[in-house]
Amino acid sequence: MNAKVVSSHRIREVTQDVTHLGDEFGTALFASLRRSDQRLRARHYLSGLLAAKGRKSIRNIATLVGGAAAEQSLHHFISSSTWDWSPIREALADHVTRVLAPRAWVVRPLFIAKAGEHSVGVERQFAQEYGQMLNGQLAFGAWAATERAGVPVQWRLHLPDSWLDDARRRRRAEIPDNVRWETPDECATVTALTTTGRWEVPRRPVVLDTHPTDLAGVMRPFVAARVPVLTRVNGGARLIVADPAMPGYRAGALPARQIMESIQGLRRPLETPQGSVRPTTLSTAVRVRLPGPASGPELLLIGEWHERAKAPTALWLASRASAQVGDLVRLTWLARRVAQDEKRIGEQVGIRDFEGRSFRGWHRHMTLASIAHAVTALPHLASESDEPCFSAGRLSA
């Protein structure tokens, strides 16, 4: 059997995998694509993301569906066509939430290293997962997450001012006129709120796995939107202890790590699921406020320690919630689940592999890569029961 026949068989198998999620998924997902040729190319591109070997470039995908002619048509479909990715993402989110029943929306950065300077958004900027400044693209994804799986449904590309203020670069990358400069913190916040505010998705807490630098600027929009949020906190972030019974009350703004270390004697072990290999976790929390005249409502500073660790292994800040501290800490663990699935599945389906230069092309690739991620992650979950370890409905802004 020659290579072309093998590819044909593989495409047929993968297309069956796509439709395995159900007729509703297969038809409704691409319903916003009005032309049949667009729907066909969408399925071909999706099949290539699932089946192509190596990098999921348009060229490698095209080798599975028709060679040079297919490469030209797929390139046009991704980079130069007029179809809108937003309705497809919304349809994906609808399907994912019904199958997965997410506990939370996890927002985390995705850094895509690049050697050149022509791909949209490329700049020397901070890569959180590497802990240093690198050349590449910085994006934020919103993931529907449970203890068993994470699936991305929304993406936002951070565009440095070197792209937005340069009319030539902006024109060549086809960046829409309504795209304006925003900080990485603002980019992450908008990613979350466009998911929970614009789409008919379940009301769930947002877990920001982003180490924000402007805590007040991040917390304020969530409080205003009444969306429960937990965000990572750097140890040096300054907060005001709001509980009169706790050390540091009336001491002014103190570093978060110092506040936590002063109450580490109040730590309690956290129950883990039966059979879990997770090390024993200790946690405690204290009510705090943000510094400044417009400090807003009281928040909850949460510390997490691994057994025998002297310093906190993680610090989180939560909007006021009625859930127990243990429930909140378990929510933050979903960030680890998402990080694992990003590596295990996301990179397999080409989440970092788009080689084009246009803003619209990047978004269309990321939309179809997210669908490929869902196709890979969801089939074995659809028939399983998934009882919550706590009631997300107990959380309030």
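Computed values, structure above
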read-out	value
Protection proxy ranking, peptides 188-196, 134-142, average beta carbon neighbours within 10 Å, highest first	188-196, 134-142
Spatial separation of Cα centroids for the range 195-217 and the range 72-95, in angstrom	24 Å
Nearby aspartates and glutamates by direct alpha-carbon distance to LYS114 (threshold 17 angstrom, same-chain neighbours under 8 apart not counted)	GLU123, GLU129, GLU347, ASP353, GLU355
Amide H partners (placed H, <5 Å) of VAL207, local residues excluded	TRP105, VAL106, VAL107, LEU230
Packing rank of 87-96, 370-379, where each peptide gets the mean count of other beta carbons within 10 Å, highest leading	370-379, 87-96
Carbon + sulfur, % of accessible area of the chain - ligands and nucleic acids excluded, 1.4 Å	49 percent
Acute angle (nearest 10 degrees) that the helix 325-341 long axis makes with the longest principal axis of the chain, alpha-carbon atoms	30 degrees
Span from the the range 219-239 Cα centroid across to the the range 33-47 one, whole angstrom	40 Å
Cα-based helix-to-principal-axis angle, 86-100 vs the chain, degrees rounded to 10	60 degrees
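The values are calculated or read from the model by the stated rules, or taken from the named source; none is laboratory data. What you see is a predicted model; the values in this text were computed from it and never measured. Heads up, the Cβs are rebuilt from the backbone with ideal geometry, glycines too, and the neighbour counts pull from every protein chain shown. Remember, those area values only see protein heavy atoms, side chains included, never the ligands or the DNA or RNA. Shrake-Rupley method; radii C 1.70, N 1.55, O 1.52, S 1.80 Å.
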